[in-house]
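Trainee: Could you have a look at this structure, given as structure tokens, before my questions?
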Amino acid sequence: MKKSLDEIRAEVAAASEQAQKLCAGLTDEQLGWRPQPGKWSIAENLVHLNVTTQLYVPYIQKALSQAREKGLKGSGAFDLGVIGKWFVVDYLEPPFRMKSKAPKAIRPILQGPASDALPQFLRSQELFLKQVDGAEGIDLGRAVFVSPFSSLFRMKLIAAFATVPAHARRHLWIGGKIKEKIKDTKGHEGKA
């Protein structure tokens, strides 16, 4: 499976639009509502995406810097590789078959009103897009991204770029399921 930077840009734009639609018309209370104990709210899913992107960006920058130092130049669509395809397509994309507990470093903590989560998420999307723009001309199929969670988990840099919008799709899909429950709950109790 191949991805280009233009595809990544389009996927990021679609995720930002989807997040805005997801949050539209919801109150602060609804954005912070958890469907059950131990599950995240819509706002917490957005905070998780924001925190994860903030953590990924320096590792992407490091991989880009190393690729420039090595003179790895290229353009077009790049193959995700076996690990990248597994992680992006088989693990992250909704509806997902595998669940895992988020590492402590990227578990969401709401600080302030739940309604702050959307603008924070949109800012992290813009920060990520700057990295995408900075990757033009780099051979993202040969450049290597080392995970911030384990130096043993390495993938092609194009797969790291594809991870961010795929991760967003996963959590926005979860957010959509929560919104359905909010609507169901609202009809029965008057509020979520």
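Rule-based calculations on the coordinates, nothing more; no lab input. Nothing here was measured: the structure is a model prediction, and the numbers come from that model. Reconstructed Cβ throughout: ideal geometry from the backbone, glycine too, with neighbour counts over all protein chains shown.
Trainee: With only Lys, Arg, Asp and Glu charged, each at its Cβ (+1 for the first two, -1 for the last two), find how big the charge dipole of the range 2-189 is about the Cα centre; round to the nearest 20 debye.
Mentor: 600
Trainee: Mind giving me the FRET efficiency for GLN36 and LYS73? R0 is 35 Å, r the Cβ-Cβ distance, nearest 0.05 is fine.
Mentor: 0.10
Trainee: Rounded to the nearest 500, what is the 222 nm mean residue ellipticity of the chain from helices alone, with -39500 (n - 2.57) per DSSP H run of 4+ residues and division by all residues?
Mentor: Value at 222 nm, helices only: -19000 deg cm²/dmol.
Trainee: Something else about it: Which lysines, on any chain, are close to LYS2 with Cα under 22 Å apart, when same-chain ones fewer than 8 places away are left out?
Mentor: LYS73, LYS85, LYS130, LYS156
Trainee: Angle check, please: helix 117-134 long axis (alpha carbons) against the longest principal axis of the chain (alpha carbons), in degrees 0 to 90, nearest 10.
Mentor: Once rounded, one gets 10 degrees.
Trainee: What is the distance, in nm, between label points placed 7 Å from the Cα along the Cα-to-Cβ direction at ARG97 and at GLN54?
Mentor: My value for the distance between the label points is 3.5 nm.
Trainee: What does the convex hull of the alpha-carbon atoms of the chain project to on average, in nm²?
Mentor: Mean shadow area of the hull around the Cα atoms is 10.6 nm².
Trainee: Right, here's the next one. Where does the charge balance sit around PHE96 when Lys and Arg score +1, Asp and Glu -1, over other residues with C-beta under 13 Å from its C-beta?
Mentor: +3
Trainee: Could you tell me which of GLN20, GLN61, GLY81 has its Cα farthest along the dipole of the chain towards the positive end, charges placed at Cβ (Lys, Arg +1; Asp, Glu -1), taken about the Cα centre?
Mentor: GLY81
Trainee: Just want the ordering: PHE96, PHE145, PHE87, from fewest to most Cβ atoms lying within 10 Å of their own Cβ.
Mentor: Ranked by crowding around the Cβ, least crowded first: PHE96, PHE87, PHE145.
Trainee: Specify the angular offset, from 0 to 90 degrees and rounded to the nearest 10, of the alpha carbon long axis of helix 157-189 from the longest principal axis of the alpha carbons in the chain.
Mentor: Roughly 10 degrees between the two axes.
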